[in-house]
1. Got at least one residue in region 124-147 being farther than 26 Å from residue 622 by Cα and surrounded by 20 or more Cβ atoms within 10 Å (Cβ to Cβ)?
2. Condition test on residue 118, is it more than 14 Å from the chain's Cα centre (by Cα) and touching a residue at least 60 places away in the same chain (Cβ under 8 Å)?
3. Name the residue, out of 364, 347, 339, 328, that is more than 30 Å from residue 482 (Cα to Cα) and touching a residue at least 12 places away in the same chain (Cβ under 8 Å).
4. Quick check on residue 219: is it modelled with pLDDT of 95 or more and part of a loop (DSSP other than H, G, I, E, B)?
5. How many residues, within region 580-607, are surrounded by fewer than 19 Cβ atoms within 10 Å (Cβ to Cβ) and farther than 22 Å from residue 531 by Cβ?
6. Of the residues 283, 277, only one is in the same structural domain as residue 171 (by TED's automatic domain parsing), in contact with a helix residue (DSSP H, G or I) (Cβ under 7 Å, 6 or more places away or on another chain) and closer than 24 Å to residue 374 by Cβ; which?
7. For region 614-634, state whether one or more residues are surrounded by fewer than 17 Cβ atoms within 10 Å (Cβ to Cβ), out of contact with any helix residue (DSSP H, G or I) (no Cβ under 6 Å at 6 or more places or on another chain) and over 30 Å from residue 567 (Cα atoms).
């Protein structure tokens, strides 16, 4: 009997040992130490799932992305938790919801430094990390750089008056990513973000012609083409056999469904249903039809790599679902808070649980997704909604960050904000107060006014100026709380040379919408244009907006105001504040160069001169086509008699901007100083021909004297 027990024990031990030895090498210590999988995260901005032919054959063919689906797991019911770029990527890289991490919108929020990102977690596990992003919403200033050895966001400067985001195409993003990848030792984590499908839809040829009737589809087709280049490189280097790949969209695009032309306002499936494909070496391809979300990506990566999952993660690992098992039943939370935080419209929150989708707004909505995935029949009117509202409130309560943790992790302790407070510019950030919202505040009611503003701008651009003005005035008459109606009407007045009327419109906008940062920023910009520097300083010392804590542009404007008044010390403070928020802001480096040059001319301090040269050069390094910085550097060289340096810089400035009057005049001075009188005469004649009528009497007399000097002994 004892022998039998020993035999059975040995038998069970051998079986157990065999099981351990046959477990996927994914989880073995040896694999973790010697051959850890690389991780490739690909996010395509504004990508509808149904535009990929692996999801639907109705619209176009996407063979390269389909090839990834053929070797991986395609998730048919993946939902974004937000419908804007920065929050969605924050959800992915933090593994938590906006109600936890606090990033609800583009441009006006920053990822808190004390949160652990996926990049940080992988870097701590021995990975080299690189991110290559396509557009401004993911600019390094917004905090997702945490944990990346390189964060490549070189797509150009974004300015407040640009109506669309600065971006670079997918080809450039992937080329830069591959250049980085070629120099990496394994293991590595690479995040590639392509912005192309985002509005405006402008695909390159031949996709522009091929999809002339539907340029959005053309953008998707172009991205698929670029993915072919990426996947080709991976095949050639055998990366598919040793790389975990996650492919997803950050959110969708409504394309007119439910009255929404793009995204960011509503939260129907047209804008929050996204594709997701996960490819794991050795895993059998397939499809998963369970409901999942972006917050599930972080824990899935941890499970696949067999590394510890941080305790704060709110998603679940999808590895069980990939292996054919059921995931725990849970609600998928979503929100659309851009209209609330940026416009003051009613907030939109909701959840998906099984077949139910509940959207909580002043005009609530309820859908049966099994029967009505396109959300055409609102069941809210025929159902008691109290249980849905209670469930949503419980979800928000359970998944929000505890108040004491929020205080610890507040971005208010950032060094730059501390500087703001020490300068006396900000007493406390402006926070939207809770208020009750009525039917008139529902996004669905207000969105048509937004599109009426867009229609007005389109008419204006097409030459129907009067109709453009008329529509904008109509919107303001009907609704006093549509901020872009004020800022766009002011823009049209400014373009017509009516700056006084533009400022009056913006002042009216601030009267009705005192919390609108968009109206305020436009107002400050136009005050600068009008030379009303005292008003700029007064406004920035009396107004307090949350966005001011991390918007370098507003501090650049303050610097311009102080510089124009001759208060160089305060100008320097403001510019340095701007650089503490964005240390690659070329405009600010140029303006710093100008301030230091003024200080040099005033004090003859050689250190001020060196600072001036250094800042002008930094501006040019960051923006090689920046004519103003070349003119500034040329002017600085001119002041100390470095005529060769001055001529080189000023010729470059005029080459970049042929109608740059100040650079043309300075170039004439440099030529004359060098004794190149014929060249100087040609330049001064050109200057006189184009700008004489704009000069004061004293300036005209000075120009005539210079022209006469050029003619002497010729």
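1. Within region 124-147, one or more residues are farther than 26 Å from residue 622 by Cα and surrounded by 20 or more Cβ atoms within 10 Å (Cβ to Cβ).
2. On the way: more than 14 Å from the chain's Cα centre (by Cα): yes; touching a residue at least 60 places away in the same chain (Cβ under 8 Å): yes.
The answer is yes for residue 118.
3. When all the criteria are applied, what remains is 328.
4. On the way: modelled with pLDDT of 95 or more: yes; part of a loop (DSSP other than H, G, I, E, B): no.
For residue 219, the condition - modelled with pLDDT of 95 or more and part of a loop (DSSP other than H, G, I, E, B) - is not met.
5. 8
6. None of the other options fit; the residue is 277.
7. no
Conditions tested, residue by residue: (1) in contact with a helix residue (DSSP H, G or I) (Cβ under 8 Å, 6 or more places away or on another chain); (2) without any contact (Cβ under 8 Å) to a residue 24 or more places away in the chain; (3) within 26 Å of residue 590 (Cβ to Cβ).
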position	(1), (2), (3)
645	yes, yes, yes
681	yes, no, no
684	yes, no, yes
712	yes, no, no
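The values are calculated or read from the model by the stated rules, or taken from the named source; none is laboratory data. Note that the structure is predicted; figures quoted are calculated from it, not measured. When we count neighbours, we look across all protein chains shown, and the Cβ atoms used for this are built from the backbone with ideal geometry, even at glycine.
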